[in-house]
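The values are calculated or read from the model by the stated rules, or taken from the named source; none is laboratory data. In this text, all values refer to a predicted model and were calculated from it rather than measured experimentally. Glycine also receives a Cβ, built like all others from the backbone with ideal geometry; neighbour counts cover every protein chain displayed.
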Amino acid sequence: MTKRAVVRGVGHYLPERVVPNTEFEGKIDTTDEWIRTRSGIERRHFAAEGEHTSDLAVAAARAALEDAGMEAGDLDAIILATSTPDLTFPSAATMVQKALGMTRGFAFDVQAVCAGFIYAMSTANAMILSGQANRVLVIGAETFSRILDWEDRSTCVLFGDGAGALVLEGAEGTGTAADRGILATDLHSDGRFGDILYVDGGVSKGHSGFVRMLGKEVFRHAVEKLAATAHAALDKVGLSGADVDWIVPHQANLRIIKATAQRMQVPMDHVIVTVQDHGNTSAASIPLALSVGKAQGKIKPGDLIVTEAIGGGLAWGAVVLRW
Ligand code: ACO
């Protein structure tokens, strides 16, 4: 028998305020048409004043726990992926722990920017397989609107706020690719590319800073590295693109999503796409897409899913799981 980290529940939360592309017209030199054709984005949600990353995370966590039929007291751990925590410390994860009324176990944040949820799922999987925790709430939550330079048209139109969460639980499997749960993970980073996507501030710099990006460079790395990491993860369990029911990609740009699907030889009607409605929500984008994909009746028990993401670092990776 082999232990597997199985998905028991999923949920998401989006702030109330929806901002269509047209809201940027007149404020900066851009058009709805440019944003749609270059990125696929039509609208995004922005958090209200006083609404913080942990608030979004708590709402997504509650939805995921309800879907799993569990309570906070059933959890052993919370792992929260974010680059936009409320405070420098304590972690946003411990704020969620407190808000949920969870008084045991442990909670911590991971930071791998847009690849954060892949890193968090991989960490949760390793902890479940090693016996360190059995029920883990994995959250991706961001308020990127707080680190956007509203005068930089090449970045401020691309991002949004939101949160998504999964409940993972250890269960016995057979050790084959027919098992439900996480089947393989593949992680990479390469700090040599830190200067193509970064925030030009931070705690140690004394100001929080804004997102800076060489979009074309990031685009080039994304197309090449996402298909490679997805294939590497599938290879680990003897599967290929032909076995995939759903690609659930990081939602940064529709053109990157299409190019990656094409390289994996997976047709677009087997790809969950939410970028038009959410923009790039960084670490929240994959759990948001999983939750929306399930709510739309697309993702069903037994489906083989590949998730992949790349972000600042550069950091990238993929997870293969059977729902
Ligand atoms: N409106 C109008 N014109 C614009 C805008 C805008 N909002 N932004 C840029 N432009 C202009 C540029 O100034 C440029 O003008 P120029 O030719 O006169 O210099 C022109 O449009 C073309 O710009 P490009 O950068 O060549 O446009 P491109 O087709 O590469 O699309 C984009 C830009 C959407 C940013 C794309 O490169 C991209 O998606 N890159 C990847 C982003 C990504 O995946 N990020 C993921 C990680 S994010 C994270 O980790 C936090």
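Would you pick out the residues in region 197-219 that are near the ligand (Cβ under 10 Å from one of its atoms) and more than 20 Å from the chain's Cα centre (by Cα)?
Those that are near the ligand (Cβ under 10 Å from one of its atoms) and more than 20 Å from the chain's Cα centre (by Cα): LEU214, LYS216, GLU217.
Looking only at region 244-279, which residues are of a type in the set (S, T, N, Q), near the ligand (Cβ under 10 Å from one of its atoms) and buried (at least 24 other Cβ atoms within 10 Å of the Cβ)?
GLN251
If I go through region 21-44 residue by residue, how many of them are closer than 22 Å to VAL218 by Cα, more than 7 Å from the ligand (Cβ to nearest atom) and hydroxyl-bearing (Ser, Thr, Tyr)?
1
Within region 280-293, which residues are within 18 Å of ARG322 (Cα to Cα) and surrounded by 23 or more Cβ atoms within 10 Å (Cβ to Cβ)?
If the condition is that a residue be within 18 Å of ARG322 (Cα to Cα) and surrounded by 23 or more Cβ atoms within 10 Å (Cβ to Cβ), then ILE286, PRO287, LEU288, ALA289, LEU290, SER291 are the ones that fit.
Can you spot a residue in region 288-298 that is modelled with pLDDT of 95 or more and within 16 Å of the ligand (Cβ to nearest atom)?
Yes.
Please list, ordered by first then second residue, the pairs with beta carbon atoms under 9 Å, 6 or more apart or interchain, first in region 102-113 and touching a residue at least 24 places away in the same chain (Cβ under 8 Å), second surrounded by fewer than 16 Cβ atoms within 10 Å (Cβ to Cβ) and part of a loop (DSSP other than H, G, I, E, B).
Listed by first residue and then by second, the contacts come to MET102/GLU71.
Could you check, for region 63-78, whether at least one of its residues is of a type in the set (A, V, I, L, M, F, W, C), closer than 30 Å to PHE219 by Cα and surrounded by fewer than 19 Cβ atoms within 10 Å (Cβ to Cβ)?
No, every residue in region 63-78 fails to be of a type in the set (A, V, I, L, M, F, W, C), closer than 30 Å to PHE219 by Cα and surrounded by fewer than 19 Cβ atoms within 10 Å (Cβ to Cβ).
Looking at ILE182, is it within 29 Å of ALA77 (Cα to Cα), in contact with a helix residue (DSSP H, G or I) (Cβ under 8 Å, 6 or more places away or on another chain), β-branched (Val, Ile, Thr) and away from the ligand (no atom under 16 Å from the Cβ)?
yes
Using the structure shown, decide if LEU148 is surrounded by 14 or more Cβ atoms within 10 Å (Cβ to Cβ), of a type in the set (A, V, I, L, M, F, W, C), more than 30 Å from VAL6 (Cβ to Cβ) and not assigned by TED's automatic domain parsing to the domain that holds ILE305.
yes
Would it be correct to say that SER122 is surrounded by 17 or more Cβ atoms within 10 Å (Cβ to Cβ), under 21 Å from the mean Cα position of the chain (by Cα) and assigned to a loop (DSSP other than H, G, I, E, B)?
Here the answer is no, as SER122 does not meet what is asked.
Among the residues of region 130-146, are any touching a residue at least 12 places away in the same chain (Cβ under 8 Å), over 17 Å from SER208 (Cα atoms) and assigned to a helix (DSSP H, G or I)?
Within region 130-146, none of the residues are touching a residue at least 12 places away in the same chain (Cβ under 8 Å), over 17 Å from SER208 (Cα atoms) and assigned to a helix (DSSP H, G or I).
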